[in-house]
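> Sharing a structure below in structure tokens format, with a few things to ask.
The values are calculated or read from the model by the stated rules, or taken from the named source; none is laboratory data. Because the structure is a prediction, the values reported are computed rather than measured. Don't worry about glycine lacking a Cβ; one is built from the backbone with ideal geometry, like all the others, and counts go over all protein chains shown.
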Amino acid sequence: MFDSPNCPSFASQIVGISRPNRWQVYHRLQELMIPCWCPNDGSLRVEVNNSIEAILVRSAVQQFMASRGELIDWLERCWRTKNQGYK
């Protein structure tokens, strides 16, 4: 765990991600207004304060890290779950 210098009462998670993808994920999390920063050690640190933010972080990381096949499988599972709810 690492405490944010701007919000010392909140814990953060270190996200293991390559440097090229790190900036893309960082900018996406900024768009989602999820506190995150990239310290000099090359990591991406993310503040997760609730379950919704955790889901959004996972989704943002998955968008840049998963293979095309993994993303297709995930989307198809979502569609099946949604369609089962309407029967």
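> Taking residue 72, is it over 23 Å from residue 19 (Cβ atoms), within 16 Å of the chain's Cα centre (by Cα) and among the β-branched types (Val, Ile, Thr)?
Answer is no for this residue.
> Also, quick follow-up: What number of residues in the range 44-87 are of a type in the set (S, T, N, Q) and within 15 Å of residue 24 (Cβ to Cβ)?
Counting residues in the range 44-87 that are of a type in the set (S, T, N, Q) and within 15 Å of residue 24 (Cβ to Cβ) gives 3.
> Of all residues being β-branched (Val, Ile, Thr) and loosely packed, with under 15 Cβ neighbours inside 10 Å in the range 12-64, which is nearest to residue 74 (Cα to Cα)? Just the residue, please.
Initially, the range 12-64 is screened for residues β-branched (Val, Ile, Thr), giving 14-15, 17, 25, 34, 46, 48, 52, 55, 57, 61.
Subsequent filtering for residues that are loosely packed, with under 15 Cβ neighbours inside 10 Å retains 14, 52, 55.
On the way: 14: 24, 52: 18, 55: 14 Å.
Per the stated criteria, the residue is 55.
> Is there any pair with a first residue in the range 19-46 that is assigned to a loop (DSSP other than H, G, I, E, B) and a second that is at pLDDT 90 or above and aliphatic (A, V, I, L, M) whose Cβ atoms are under 6 Å apart and which are 6 or more apart or on different chains, and what are they?
32/56
> Could you please find all residues in the range 47-87 being outside any helix (DSSP H, G or I) and of a type outside the set (Gly, Ala, Ser)?
47, 48, 49, 50, 86, 87
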